[in-house]
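One structure is given below, encoded as structure tokens.
The values are calculated or read from the model by the stated rules, or taken from the named source; none is laboratory data. Note that the structure is a prediction, hence the values are computed from the model and not measured. Positions of Cβ are backbone-derived with ideal geometry, glycine not excepted, and every protein chain shown enters the neighbour counts. Ligands, DNA and RNA are stripped out before the accessible areas are found, and what is left, the full protein with its side chains, is counted by its heavy atoms. Shrake-Rupley method; radii C 1.70, N 1.55, O 1.52, S 1.80 Å.
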Amino acid sequence: MLTIEALDKVYKTGTFGTSDLHAVRKVSLDVQRGEVVSLIGESGSGKSTIGKMVLHLLDSTGGSITFDGRDVTRLGFRARRDYYRKVQGVFQDPFSSFNPIFKVDRTFETLRRSYFPRVSGAAWREKLEEALGAVSLEPGDTLGKFPHQLSGGQLQRLLIARALLLDIELLVADEIISMLDASTRIDVLNLLGELKGRGLGILFVTHDLSLGNYVSDRVVILYKGRVVERGATAAVFDDPLHPYTRDLLASVPHLDRTWEEVEAEESARSARLAGRCLYHEALAAQGRALGDEVAAGNTPADDVGLVEHAPGHFVGCFRKAADEECPAGV
Amino acid sequence: MTATQPAAAPGTGTEATEAPGAALAPSGSRKPGGDARETLYFALRNPKVVIGSVVVLAFLLLGLLGPLFLKNAPMDYAGPPMAPPSADFPFGTTTFGQDVFAQFVAGLRSTFLVGLLGGGVAAVIGMAIGFVAGYRGGLIDELLNMLTNVVLVIPGFVVLIIINAYLGVRSVPMQALYIGVFSWPWVARAVRAQTLSLRSRDFIDLARLSGVGVGTILRREVAPNMYSYLFMTFVLLFGGSILTAASLDFIGLGPTNAMSLGLMMNQAVQWSALHLGLWWWFIPPGLGITLIVGSLYIMNVGLDEVFNPKLREM
Ligand SMILES: Nc1ncnc2c1ncn2[C@@H]1O[C@H](COP(=O)(O)OP(=O)(O)O)[C@@H](O)[C@H]1O
Ligand SMILES: [Mg+2]
């Protein structure tokens, strides 16, 4: 449904855009209906930038974003309005998502004015209560309140309800759990699972590996703007290949195994993969299959591509930052 | 700012005792723009705002209604020359027997007109540029910023003198326009800075996700967060325009077809009112300008207290 290909973002910083910040490098991923795809990466890796480009809140520098086969990289005002009927976002900070001087109702009112100007007051009220019901909120507890009178979890669910008022097909959820406390976290996570069951595609942005593991069908691991590994959640979590993914996973506690088991497994894997780069090995193998000239010319130093190591499990060059050397010395 | 601190303390005290009312107000109706009642509630309890607005309104009423009760036109040679204040001529007469009170009332009208128009022009230009620059960012911002800085470093008063001297200023509105055109840069800068910080807030992105346009976002999401600030800005611009106009008038570059408080002082000096002891000729306009501008600034300090959310969130 959503397909991102070789998406690039360069921020111009400094006066008159004198310096560049390459925040997103040739990122490719896709999200299908009824599927949760987690975009995992540490803070500053470019996750929000990708989310905002998908939501057409930021212009991309290169690459393409298509939705149901239609290019949505550059949209006019009308086309963008139509796009937002199907694609919506919820952001990290629920308190900053509401205009603090107005009651929360206004957020819904804005949506109504924009998309449902002809819906009667009663019909709208009904629709609103239905959406609030879907996120397990009581209209009486939440409507007519100011943002500071509600909890982060309530606000976050109001925002999801807002997205549900439009019959959306894709939800970009940018760290929507991070600011919530543990008790409300699980509610929102379960809600996402339910939405997925209804056929919604969700791009779930998070810096928290265990959250990614919990909700998602597939994961995309981002490091400094580059996708280093992606694949089915189980494949990536059971057999992490890229050094960055392995570091990340090593720092996550496993409930089903003891520390020693995990430690042993990881050190075995590290020993096996040390000084190697599966990406360049795969390219070299392909090159040999096609002829030596191809092998020589096919690996530019700034290559940020991926190879399919196992079916559906992709991995990039084993260097960490995009401008480092490949550990295999290619 | 520091000078106003001690004065601000009593205001804070008042607010504290009014806390129950404050707690009730937000849960009441605060629809779009509907917090006016609450604001008014605090404004009417702030002595600075009350005193400032009473003085300004009193002068405004005098300027508006005064001419209805006057027998003499401002420039008529209506009575004995150099007469001190009396029942017939409450502010006395000039060297030529003109009614100073009639001139004063007419001057008040010009003063308010200059304040309103000059402040209005500056506010409109400054806010438009500030909103667009802050919201759009990028190249548009750079260009508008450059324009703002250019106008900011131009010595506005000197340019006004030159414009007035060479182009001539015949009417008060024309003078107000010139003043407005040179006094907006600080407004643009302040509005831009505030817009910039608001733009990165998620609720702006959410409004965009609701499919509404830039104009609507600025009007419905950005500006309401700055209403109090915009209002205070206008009060300051109003006072500033009056002061600039008075200075120009005083040095003889005022409108040629109207009376103004600055012009009265200019004529008083020209005809040696000081030496001749005709204090009633220059004291009223001088005091009038001082009181109006001073009250506006005091009002502004009071409004700052009224609008300060820290004083309301109790
Ligand atoms: N508006 C911006 N201008 C310049 N640089 C930005 C801007 N927004 C984000 N960045 C930079 O881009 C990088 C990625 O940011 P972001 O997408 O917010 O990361 P994440 O969401 O993964 O924490 C960071 O280095 C950040 O400093
Ligand atoms: Mg982020």
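For the reader, a short list of remarks on this structure follows.
- Checklist (1) of a type in the set (D, E, K, R); (2) surrounded by fewer than 20 Cβ atoms within 10 Å (Cβ to Cβ); (3) within 17 Å of the chain's Cα centre (by Cα) applied to A:Arg230, failing item: (2)
- Given (1) under 29 Å from A:Asp247 (Cβ atoms); (2) part of a loop (DSSP other than H, G, I, E, B); (3) free of Cβ contacts under 8 Å to residues at least 60 places away in the same chain, number of the condition A:Ser45 does not satisfy: (3)
- Residue match in segment A:114-133 (condition: away from ligand 1 (no atom under 16 Å from the Cβ), in a helix (DSSP H, G or I) and within 13 Å of chain B (Cβ to nearest Cβ)): yes
- Within segment B:127-159, the set of residues being of a type in the set (A, V, I, L, M), in contact with a helix residue (DSSP H, G or I) (Cβ under 7 Å, 6 or more places away or on another chain) and under 19 Å from B:Leu230 (Cβ atoms) comprises B:Met127, B:Ile129, B:Val132, B:Ala133, B:Leu144.
- Residues located in segment B:164-202, provided they are farther than 22 Å from B:Ile129 by Cα and either within 14 Å of another protein chain (Cβ to nearest Cβ) or touching a strand residue (DSSP E or B) at 6+ places or on another chain (Cβ under 7 Å) (or both): B:Asp202
- So B:Asp141, is it among the charged types (D, E, K, R) and open to solvent by less than 10 Å² (accessible area, probe 1.4 Å): no
- Residue satisfying all of: in segment A:24-51; under 10 Å from the mean Cα position of the chain (by Cα) and within 17 Å of A:Leu211 (Cα to Cα); farthest from ligand 2 (Cβ to nearest atom) among these: A:Val36
- Wholly enclosed helices (runs of 4 or more DSSP H) of segment B:208-314 bearing at least 1 residues open to solvent by 60 Å² or more (accessible area, probe 1.4 Å): B:227-250, B:261-270, B:273-276, B:279-307, B:309-312
- Among the residues of segment A:96-113, those that are part of a loop (DSSP other than H, G, I, E, B) and at the interface with chain B (Cβ under 9 Å from one of its Cβ atoms) comprise A:Ser96, A:Ser97, A:Phe98, A:Asn99, A:Pro100, A:Ile101, A:Phe102, A:Lys103.
- Cross-chain or 6+ apart pairs with Cβ under 6 Å, segment A:198-214 first and more than 15 Å from A:Ala232 (Cα to Cα) and more than 14 Å from chain B (Cβ to nearest Cβ), then within 16 Å of ligand 2 (Cβ to nearest atom) and open to solvent by 10 Å² or more (accessible area, probe 1.4 Å): A:Thr206/A:Glu175; A:His207/A:Glu42; A:His207/A:Ser43
- Leading residue by the ranking (least open to solvent (accessible area, probe 1.4 Å)) among those in segment B:147-175 that are in a helix (DSSP H, G or I) and of a type in the set (Gly, Ala, Ser): B:Gly156
- Residue count, segment B:49-74 (criterion: surrounded by 14 or more Cβ atoms within 10 Å (Cβ to Cβ) and part of a loop (DSSP other than H, G, I, E, B)): 4
- Segment A:220-273, subset of a type in the set (Lys, Arg) and farther than 22 Å from A:Val27 by Cα, residue modelled with the lowest pLDDT: A:Arg257
- Cβ pairs under 7 Å, 6+ apart, first in segment A:160-188 and within 14 Å of chain B (Cβ to nearest Cβ) and touching a residue at least 40 places away in the same chain (Cβ under 8 Å), second among the aromatic types (Phe, Trp, Tyr) and within 16 Å of ligand 2 (Cβ to nearest atom): A:Ala173/A:Phe204; A:Asp174/A:Phe91
- Of all residues making up segment A:138-151, the number that are closer than 17 Å to A:Phe98 by Cα and either of a type in the set (Gly, Ala, Ser) or outside any helix (DSSP H, G or I) (or both): 6
- Scanning segment A:1-23 for residues that are within 14 Å of another protein chain (Cβ to nearest Cβ) and within 15 Å of ligand 2 (Cβ to nearest atom) turns up just one, A:Tyr11.
- Selection status of A:Tyr244, within 16 Å of ligand 2 (Cβ to nearest atom), under 30 Å from A:Gly275 (Cβ atoms) and more than 14 Å from chain B (Cβ to nearest Cβ): no
- Summed over segment B:203-257, the residues that are of a type in the set (Asp, Glu) and within 14 Å of chain A (Cβ to nearest Cβ) give a count of 2.
- Residues of segment A:203-228 that are assigned to a strand (DSSP E or B) and away from ligand 1 (no atom under 16 Å from the Cβ): A:Arg218 alone.
- Members of segment A:29-59 found to be open to solvent by 20 Å² or more (accessible area, probe 1.4 Å) and over 20 Å from A:Glu169 (Cα atoms), listed by number: A:Glu42, A:Ser43, A:Gly44, A:Leu58, A:Asp59
- Residue selected from segment A:62-80 under the condition part of a loop (DSSP other than H, G, I, E, B) and more than 22 Å from B:Asp202 (Cα to Cα), by the criterion farthest from the other protein chains (Cβ to nearest Cβ): A:Gly69
- Selection of segment A:165-174 for residues being open to solvent by 10 Å² or more (accessible area, probe 1.4 Å) and within 16 Å of ligand 2 (Cβ to nearest atom) yields only A:Asp174.
- Residues that are at pLDDT below 90, more than 16 Å from ligand 1 (Cβ to nearest atom) and open to solvent by 40 Å² or more (accessible area, probe 1.4 Å) are absent from segment A:2-9 altogether.
- Residue within segment A:175-188 that is under 30 Å from A:Tyr244 (Cβ atoms), more than 16 Å from ligand 2 (Cβ to nearest atom) and open to solvent by less than 20 Å² (accessible area, probe 1.4 Å) present: yes
- Of the residues making up segment A:1-28, those that are within 22 Å of A:Leu170 (Cβ to Cβ) and polar (S, T, N, Q) number 2.
- Residue in segment A:16-37 that is near ligand 1 (Cβ under 10 Å from one of its atoms) and touching an Asp or Glu at 6+ places or on another chain (Cβ under 7 Å) present: yes
- Looking across segment B:87-124, the residues that are open to solvent by 50 Å² or more (accessible area, probe 1.4 Å) and assigned to a helix (DSSP H, G or I) come down to B:Arg109, B:Leu113, B:Leu116, B:Leu117, B:Val124.
- Restricting segment A:204-224 to residues that are within 15 Å of ligand 2 (Cβ to nearest atom) and of a type outside the set (A, V, I, L, M), the residue that is surrounded by the fewest Cβ atoms within 10 Å (Cβ to Cβ): A:Asp208
- Checking A:Phe91, A:Phe98, A:Phe108, A:Phe116 one by one, the residue that is surrounded by fewer than 17 Cβ atoms within 10 Å (Cβ to Cβ) and either modelled with pLDDT of 90 or more or farther than 29 Å from A:Arg74 by Cα (or both) is A:Phe116 and no other.
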